[in-house]
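J.: Take this structure first; my questions come after.
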Amino acid sequence: MKLRERGKFCVASARPLQRAYGNVIKRSVVSLAIIAFLFVAVKAHAGEIEPRAYVNTPVGMNFLLAGYAYTDGGLSTPGSSPIKDAQLTMNTGILAYARSLDVWGKSGKFDVILPYSDLSGTATVAGQPRERNVSGFHDPFFRFSVNLYGAPALSVEEFANYKQDIIIGASVQVSAPLGQYDKEKLVNIGNNRWFFKPDVGISKAWGAFTLELSTGAYFFTNNDDYFGGKTLEQDPLLTMQAHATYNLGRGVWAALSWTYDYGGRTTIDSERTDTFYSNSRLGATLAIPVNRYNSIKLYGSTSVHTSAGTQYDLLGIVWQYRWGQGF
């Protein structure tokens, strides 16, 4: 399940009224330059690596997950940006719930994810060192998915005889603007806007080996209360993932993954920016069952190429407890 790495980063705030003229100039410079920092939370989520998103699961199963993720890295910004040498560290706790469903005879799933982060960072802005620390909840994430082909809705007893071949599925994820957000600050963990992400995927198994490919797009509403009373807009952000998973037996599996994000150009008060995402990451996941009801997942990822936004390394761990009828 996804773990989402998420906050927005900048290192400036409002000046006193008696310095209003200097403040207007500084806000204008920072607002145009800061776009590379705006979507740490969204980019952490967009760059999130999630193998086995399209698998069959017995109907009526419940999953409770709790986890921790540590990210550390910098930012890729245009050469003209006054923001230099930015370094970010984020500690994130994750709580999530998922339930498998029978969707007109097809296997489906609903999940909700609520992360909480402590974000700290430093940077040089127009030649001046800045520092900022902020903590709070991210915007929560809700997702509904259904396997359209190759994964019928099965009870726990029926699932014992199921063998995967090809699965084709689809999902839609929604993020609600309920996270930490202060319109007077440029450092925020919440995004103060909605996003919607439709996604389709295909998974093919060859014995113990499975290859999964998926593609989707993030569609954003506007942030009409961006710093300084501006309106922030963003084009759709396309995303693709590929996962190679191997079943090691006794419920243990490992995966190597790649993800790529493209697009997402931003606009502030009708002024188009040159921030354009073309980012890729590599990751690895290891899942280990503890007993019938509990399992642990270890995961990590690193940036391969970042044209704009966060360029970070991530390490995380998730504990999962499952229960359900007939299990």
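No lab work stands behind these numbers, since they all come straight from the coordinates. Being a predicted model, the structure only gives us computed values, none of them experimental. Note: ideal-geometry Cβ built from the backbone for every residue, glycine included; neighbour counts use all protein chains shown.
J.: For residue 185 paired with residue 274, estimate the spin-label separation in nm (one decimal), with each label point 7 Å from Cα along the Cα-to-Cβ line.
T.: 3.1
J.: Please sort 203-209, 280-286 by packing, taking for each peptide the average over its residues of neighbouring beta carbons within 10 angstrom, highest first.
T.: 280-286, 203-209
J.: Give, as a single signed number, the net charge of other residues whose beta carbon lies under 15 Å from the beta carbon of residue 248, with Lys and Arg counted +1 and Asp and Glu -1.
T.: Within the 15 Å Cβ shell, the charges total +3.
J.: At 0.36 nm per residue, minus the direct Cα-Cα distance, what do residue 131 and residue 298 gain on full extension? Give it in nm, one decimal, please.
T.: Fully extending the segment from residue 131 to residue 298 adds 57.0 nm.
J.: For residue 290 and residue 238 in one chain, what is 0.36 nm times their gap in residues minus the Cα-Cα distance, to one decimal in nm?
T.: 15.1 nm
J.: Okay, moving on. Please give, to one decimal in nm, the separation of the simple spin-label points placed at residue 319 and residue 52, each 7 Å out from Cα toward the Cβ.
T.: Taking the simple label geometry, residue 319 and residue 52 are separated by 1.9 nm.
J.: So between residue 70 and residue 142, what do we pick up on full extension, going 0.36 nm a residue minus the alpha carbon distance?
T.: 23.7 nm
J.: Would you please give the FRET efficiency between residue 267 and residue 110, computed as 1/(1 + (r/R0)^6) with r the Cβ-Cβ distance and R0 = 35 Å, to the nearest 0.05?
T.: Calculated value: 0.55.
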